[in-house]
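The values are calculated or read from the model by the stated rules, or taken from the named source; none is laboratory data. Just so you know, these numbers come straight off a predicted model, no measurement behind them. Don't worry about glycine lacking a Cβ; one is built from the backbone with ideal geometry, like all the others, and counts go over all protein chains shown.
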Amino acid sequence: MVTRMIEAMHYFPAGFKWGTATSSHQVEGGNNNNDWSKWEQEPGHILRGHNSTIACDWWGGRWEEDLDRVVEGGQNTHRISVEWSRIEPSPGVWDDNALGFYRQILKSAVDRGLEPMLTLHHFTNPLWFMEQGGWLDPDSAQRFERFTRVVVSSLKEFVNLWITINEPNVYIYFAYIEGNFPPGVSDLGSAFTAAHNMARAHAAAYRAIHEIQGHARVGIAHHYRAMRPSRQANPIDRYLTNLRSRSFNNLFPKIIQHGQLRLLGKKTQIPEAINTQDFFGLNYYTLEHVAFDLRKPREIFSRGFFPPNADQSPTGFMANEPDGFLDALKFAKSFKLPIFITENGIEDASDEIRPRYLAQHLRQVWAAVNFNWKVEGYYFWTLVDNFEWERGWTQRFGLWALDPETQIRTKRRSADFYEKVCKLNGLSSEMVHKYAPEIFSEMFPDGGQRDFVSL
């Protein structure tokens, strides 16, 4: 008599891209020339008074050992960003040493068998750019195009996948509506202007990249936050959910699709932005419920929240809601382009939630692939704990834990789990049974009812 566990395998297509994502300011450290470095020094902006200091010390060379971790983890791609303020420290002045630094990282990635995906703008701006008006200035698009041309001309040897702007809707919301990001503005008119100029900048960068590197593939990393009405039978909750979702999730995708910017009653045409993405970059983290609330005029008289029984992250910043990921994938599919999941992850210092979050979300990716949706790759956020913007070091998203003081990296169980996924090019019931046994019967019902059978 032999006893064995019932097995199931969720395989992904040959050539599927498995990676992790990082961004320059969050991992490099040692930069005093962008708006975030200045913002961090001003009291009250960062939780607990944290600042990035040396971050993960990539500028000091620790990128090399972290790329080794990427390779050892079975990944075949990595998403990084370049820091505009290092490359163009003052208007029209280019730092060859900074460009050389990024060339070295990218060449080393390629030499290790990794395909880089490179982001040109990930929330940070040079101080000089902000002093000239930032994204409110009509010339901001031209400045970004100039920067793009220099970067692409220098790095095109190593990069075929480009992201022009990371999460423009998140940036607009926090920088120009909530005021939690620099420049700390809270004004809908400014938000509209900034969105208009960023869309123009993306369109100009898209055309510049293709002019310099015809075979390149270019996109935006769109942040999708799934939303559901708190009370499905309540027409006000349904209306507000739809309004919030359209204002936030549709903002940039619809610009690219129709050339029209619509934001809370204002609209304008940006025809040059139509069809300026070769793939749909999708960032997804969580789903929120929406309810009517007269006390929240700045949030369209509504509030987003997680139910009390939600599987929430330690700080309550997000909830593990894999059904929302399928909503996000359906949204991305509607644009009829190849899809890259450019970010997905959860903050969890104890690594208790992350394994089940990873398993449940990868199950949704597998489902999408098996619906013949054109999902080509998945980038987990993130490789190593890093500086999380206005939340400082209070949230830990890494597969590897980081002590910012000692720079010691410690491998988490979820890193072992993801490594097995990447090396198998699939998700197995055995992996779930080992790393997230609490959801095994949910993901594999037959196996859950009969964990073991006798043959």
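Table for the structure above
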item: Pair list, Cβ under 8 Å, 6 or more apart: the stretch 400-417 residue at positive phi and touching a residue at least 12 places away in the same chain (Cβ under 8 Å), other residue among the basic types (K, R) and not in a loop (DSSP other than H, G, I, E, B); result: Q407/R62
item: Every residue from the stretch 185-216 that is surrounded by fewer than 21 Cβ atoms within 10 Å (Cβ to Cβ) and charged (D, E, K, R); result: D187, R207, E211
item: Scan of the stretch 245-300 for residues that are modelled with pLDDT of 95 or more and touching a Ser or Thr at 6+ places or on another chain (Cβ under 7 Å), ordered by number; result: I256, L261, G281, L282, N283, H289, V290, A291
item: Number of the exception - N309 against (1) modelled with pLDDT under 95; (2) of a type in the set (S, T, N, Q); (3) assigned to a loop (DSSP other than H, G, I, E, B); (4) surrounded by 15 or more Cβ atoms within 10 Å (Cβ to Cβ); result: (4)
item: Lone unmet requirement of (1) among the charged types (D, E, K, R); (2) more than 15 Å from V170 (Cβ to Cβ); (3) touching a residue at least 60 places away in the same chain (Cβ under 8 Å) for K254; result: (3)
item: Cross-chain or 6+ apart pairs with Cβ under 7 Å, the stretch 62-90 first and under 21 Å from G426 (Cβ atoms), then of a type in the set (S, T, Y); result: V70/T20; G73/Y418; Q75/T20; H78/T20
item: Within the stretch 217-228, considering residues that are of a type outside the set (V, I, T) and farther than 13 Å from G324 by Cα, the one surrounded by the fewest Cβ atoms within 10 Å (Cβ to Cβ); result: R217
item: Some residue of the stretch 104-122 being under 23 Å from the mean Cα position of the chain (by Cα), at positive phi and modelled with pLDDT of 95 or more; result: yes
item: Test for D311: is it acidic (D, E) and farther than 19 Å from E376 by Cβ; result: yes
item: Leading residue by the ranking (nearest to N250 (Cα to Cα)) among those in the stretch 273-300 that are in a loop (DSSP other than H, G, I, E, B), out of contact with any helix residue (DSSP H, G or I) (no Cβ under 9 Å at 6 or more places or on another chain) and not aromatic (F, W, Y); result: K296
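So that you can scan it fast, the table gives a plain yes or no per residue for (1) more than 30 Å from N160 (Cβ to Cβ); (2) touching a residue at least 12 places away in the same chain (Cβ under 8 Å); (3) in contact with a Ser or Thr (Cβ under 7 Å, 6 or more places away or on another chain):
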| residue | (1), (2), (3) |
| --- | --- |
| I172 | no, yes, no |
| Y176 | yes, yes, yes |
| S190 | yes, yes, no |
| T193 | yes, yes, no |
| A199 | no, yes, no |
| H202 | no, yes, yes |
| H210 | no, no, no |
